[in-house]
Amino acid sequence: MRTDLAGVWRRFSDAFRENVAVAFDSLRVSKTRSALTILGVVIGVSTVMAMASIVQGIQQQIVDTIKIAGPTTFYVMKVFSQTPLNPQDLPQWVRDRPDLSVREAERIRELPDVAYAGMWGQYLARVEYAGERTQPQVIMGADAHYPEIQGGALAAGRWFTQAEETNGAAVAVIDVDVATRLFGSIDPLGKWIHIGTRPARVIGIYQPAANIFSPPGQQIMAIVPYLMLDHQFTLDKTNMVFIPVKPRPGVTLDDAEGQVIVAMRQARGLRPSQHNTFDLLSQDQILDVFNKLTGVFFLVMIVLSGVALLVGGIGVMAVMMISVTERTHEIGLRKAVGATRGDILQQFLVEAATLTGIGGLIGIAIGLALGRVVTVAMHINAAAPVDLTLVAVSVSVGIGLVFGVVPAQRAARLDPVDALRYE
């Protein structure tokens, strides 16, 4: 029995190797036609791989950022909306909510289960020095506890003093890349820059953590005391002001959130029947929202690449039908010397799978390269999605098998006598 199985396996493997060689010979004979057939598969697979690399890299950056802040860190906001609300045209229920205040942040900070709470805000402005200036990007109003939430460290200089935070002093800690761009080899410490139209003295250089997620166009250019940002600029207090809350070690997210909700309701004088006039946003919610957004984006890319793969599969079928017609005489000869229907079927299935397999491998290489270029440009460390690479190869080969069945069956059913007569 073992001998019979070994013989069957040996015959199958010999036939398979022969069919692969025949498939490559066919590709060499019809280079242009084969290349055009492979192109559809390449486009579909490369799209999937590029999108997978980018999405996976960004998701990992989000997870890494959450690890820095801690899984229990959360944010108090005036209103949480997945899309920014127009501050000039707010719904009535949003206008009825009071803005967050420094007093509320201080009250939260005094809670027994809270290690830190602060008032933070964002504003878009240019940073300028001696005629050199950046594009309008994020200016963060915060305090000296900023690296505890966002990670990173000072490359030079110092953070704000308590007096500077309380008085809203015109001082700034600027990003290391901004310092290089504006000052070059000059020491920035002690120099006066303009944030928007407002002067501020540079007291520190900030090196962000390597795994901070900063989408393009949203780099944090400078960090200033929150009260400076509030006093000197018109803040969008609906979308751009929030209170980060970091519970004490060992305190659960639910316990800390419960205390904060009670404190905020008491501060705002809300009766038990009234709804909260503020929202809480946890790290899990941030990740969930992001996963939904990227999930939709990735689904659209899958559909588009699926269309490309379908077109490529139809092209494979068309090419294989033509190939069967052109090689009718060859098929007759093979059958005349003993080739079975199974042998002919395998020959053309292997040829179709070879076409799409080559397209899949090229598509994977292009997709990974493109994904790498994009993630490097976004300063994201993204590993190659190995699991999806295996899936992509399997899918591309599977397309060849599925769309190659009809022409392969047509070839296998040819009568050897009629095939030999075919001119």
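Couple of notes before you dig in:
- From least to most packed, judged by other beta carbons within 10 angstrom and beginning with the fewest, THR72, THR277 follow the order THR277, THR72.
- Long-range amide H partners of VAL79 with built H, under 5 Å: ASP279
- The length gained by stretching the chain between SER273 and ALA21 to full extension, at 0.36 nm per residue less their Cα-Cα distance, is 82.9 nm.
- Ranked by how many other Cβ atoms sit within 10 Å of their own Cβ, fewest first, the residues TYR129, TYR116 fall in the order TYR116, TYR129.
- Relative contact order, percent, the stretch 79-277 [alpha-carbon distance under 8 Å, six or more residues apart]: 32
- For VAL376 and GLN266, a Förster radius of 56 Å and the Cβ-Cβ distance give a FRET efficiency of 0.70, rounded to the nearest 0.05.
- Using 0.36 nm per residue and subtracting the Cα-Cα separation, the extra length available between ILE186 and LEU124 on full extension is 19.8 nm.
- Of THR83, THR37, the sequence from fewest to most neighbouring Cβ atoms within 10 angstrom is THR83, THR37.
- Distance-filtered residues of the stretch 220-260 - backbone nitrogen under 15 Å, label point 7 angstrom along LEU281 Cα→Cβ: 236-245
- If R0 equals 45 Å, the separation of the Cβ atoms of ASP99 and GLU132 corresponds to a calculated FRET efficiency of about 0.80.
Values quoted throughout were computed directly from the atomic coordinates according to the rules given, and no laboratory measurement underlies them. Everything numeric in this text was worked out from a predicted model, so none of it was measured. Virtual Cβ from ideal backbone geometry, glycine too; neighbours counted across all protein chains shown.
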